[in-house]
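A.B. asks: Quick one: structure below, then a few questions.
The values are calculated or read from the model by the stated rules, or taken from the named source; none is laboratory data. No experiment lies behind these values; they were computed from the predicted model shown. Virtual Cβ from ideal backbone geometry, glycine too; neighbours counted across all protein chains shown.
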Amino acid sequence: MYKAIIFDFDYTLGDSTEGIVACVNYVMEAMGLKTQEESRIRKTIGLTLKETYKALTGDASDEAAENFRQLFVKKADEVMVAGTVLYQGVKEILQELRDRGYKIGIVTTKYSYRIRDIFTKFDALSLLDLIVGGDDVKVEKPSPEGLLYAIDRFGFDKKEVLYVGDSIVDAKTAKNADVDFAAVLTGATTREEFAQYPKVLLGEHVGDVYTYITDRNVGV
């Protein structure tokens, strides 16, 4: 029986596309590089900032990637919260899960203070029991470090936890942690791309995850 539901954030619970695109292209211009189309940037959401730089530019330089990261974070402090929305129904779903006794966590590459600010903006911070961001770990997803840390903090067995995400990075994270995974199609990853990864559910959105949990009557 699941006792905790842990979510990725971007394209799982909310959409930061506006803020991310603004930050990426601000940094590209600042570094004298070509700005990027939104469609290309969307495909990098969920990667670390350094990996995002390398994927968008083809430049393998760690120094340049670190410069990109620092500039991105500085700009994100100005625009990211304003450029982020929660998906419709997310607050209600999280509240229902909490009312049923589940612990709720987020494990994301976004910085933890950013998640706190976003959920505060939508008067929803009280719905979260734990946030583990990219700034809380030594190695970001798909390393299982953050997810395993969250499970340890909750004090549950791995079999009592479900991880929910929208990307291959999330699928790999769950697999690396040996935790059940529920995939949602609200991001840039297709049904076909998820096919090769273990999962207990492939749903259209987090509402399907809620239905899966409640229909199976698993929980505390």
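A.B. asks: Taking into account only those residues within the stretch 10-41 that are surrounded by fewer than 16 Cβ atoms within 10 Å (Cβ to Cβ) and either in contact (Cβ under 8 Å) with a residue 40 or more places away in the chain or among the β-branched types (V, I, T) (or both), which is nearest to G134 (Cα to Cα)?
C.D. replies: Checking each candidate, the answer is E18.
A.B. asks: Condition first: of a type in the set (A, V, I, L, M, F, W, C), in contact with a Gly (Cβ under 6 Å, 6 or more places away or on another chain) and over 25 Å from M28 (Cα atoms). Now tell me which residues in the stretch 74-124 satisfy that.
C.D. replies: Result: L86, V107.
A.B. asks: Still on this structure, please answer the following. Step by step: first the residues of the stretch 11-41, then only those that are under 17 Å from the mean Cα position of the chain (by Cα) and of a type in the set (D, E, K, R), then the one that is farthest from T108 (Cα to Cα). Which residue is that? Before the answer, list the steps.
C.D. replies: Applying the first criterion (under 17 Å from the mean Cα position of the chain (by Cα)) to the stretch 11-41 yields 11-21, 41.
Among the residues that remain, those that are also of a type in the set (D, E, K, R) are: 15, 18.
Numbers: D15: 13, E18: 18 Å.
Residue satisfying both the conditions and the ranking: E18.
A.B. asks: What are the pairs with Cβ atoms under 6 angstrom where one residue, in the stretch 191-209, is assigned by TED's automatic domain parsing to the domain that holds D10 and the other, located anywhere, is acidic (D, E) and at pLDDT 95 or above? Sequence gap at least six, or different chains.
C.D. replies: V200/D180
A.B. asks: Still on this structure, I have one more. Is it true that L201 is over 21 Å from T17 (Cβ atoms), among the aliphatic types (A, V, I, L, M) and at pLDDT 95 or above? Before the answer, list the steps.
C.D. replies: On the way: over 21 Å from T17 (Cβ atoms): yes; among the aliphatic types (A, V, I, L, M): yes; at pLDDT 95 or above: yes.
So L201 fits the description; yes.
A.B. asks: Among the listed residues I131, I151, identify the single one that is in contact (Cβ under 8 Å) with a residue 60 or more places away in the chain, of a type in the set (V, I, T) and in contact with a helix residue (DSSP H, G or I) (Cβ under 7 Å, 6 or more places away or on another chain).
C.D. replies: On the way: I131 fails: in contact (Cβ under 8 Å) with a residue 60 or more places away in the chain.
Of I131, I151, the one residue that is in contact (Cβ under 8 Å) with a residue 60 or more places away in the chain, of a type in the set (V, I, T) and in contact with a helix residue (DSSP H, G or I) (Cβ under 7 Å, 6 or more places away or on another chain) is I151.
A.B. asks: Would you confirm whether or not the stretch 181-194 contains a residue that is modelled with pLDDT of 95 or more, surrounded by 17 or more Cβ atoms within 10 Å (Cβ to Cβ), under 21 Å from I151 (Cβ atoms) and touching a Leu at 6+ places or on another chain (Cβ under 7 Å)?
C.D. replies: Looking through the stretch 181-194, at least one residue is modelled with pLDDT of 95 or more, surrounded by 17 or more Cβ atoms within 10 Å (Cβ to Cβ), under 21 Å from I151 (Cβ atoms) and touching a Leu at 6+ places or on another chain (Cβ under 7 Å).
A.B. asks: Out of the residues in the stretch 111-139 that are surrounded by 15 or more Cβ atoms within 10 Å (Cβ to Cβ) and either basic (K, R) or assigned by TED's automatic domain parsing to the domain that holds Q70 (or both), state the one that is farthest from I45 (Cα to Cα).
C.D. replies: R116
A.B. asks: Could you tell me which numbered condition I6 fails, if it satisfies all but one of (1) touching a helix residue (DSSP H, G or I) at 6+ places or on another chain (Cβ under 9 Å); (2) part of a helix (DSSP H, G or I)?
C.D. replies: That leaves (2) as the condition not met.
A.B. asks: Still on this structure, please answer the following. Please enumerate the residues belonging to the stretch 143-159 that are closer than 24 Å to D208 by Cα and surrounded by 20 or more Cβ atoms within 10 Å (Cβ to Cβ).
C.D. replies: Within the stretch 143-159, L147, A150, I151 meet the criteria.
A.B. asks: Moving on. Being buried (at least 19 other Cβ atoms within 10 Å of the Cβ) and either small (G, A, S) or without any contact (Cβ under 8 Å) to a residue 12 or more places away in the chain (or both) is the filter here, so list the residues in the stretch 77-110 that pass it.
C.D. replies: Within the stretch 77-110, just G105 meets the criteria.
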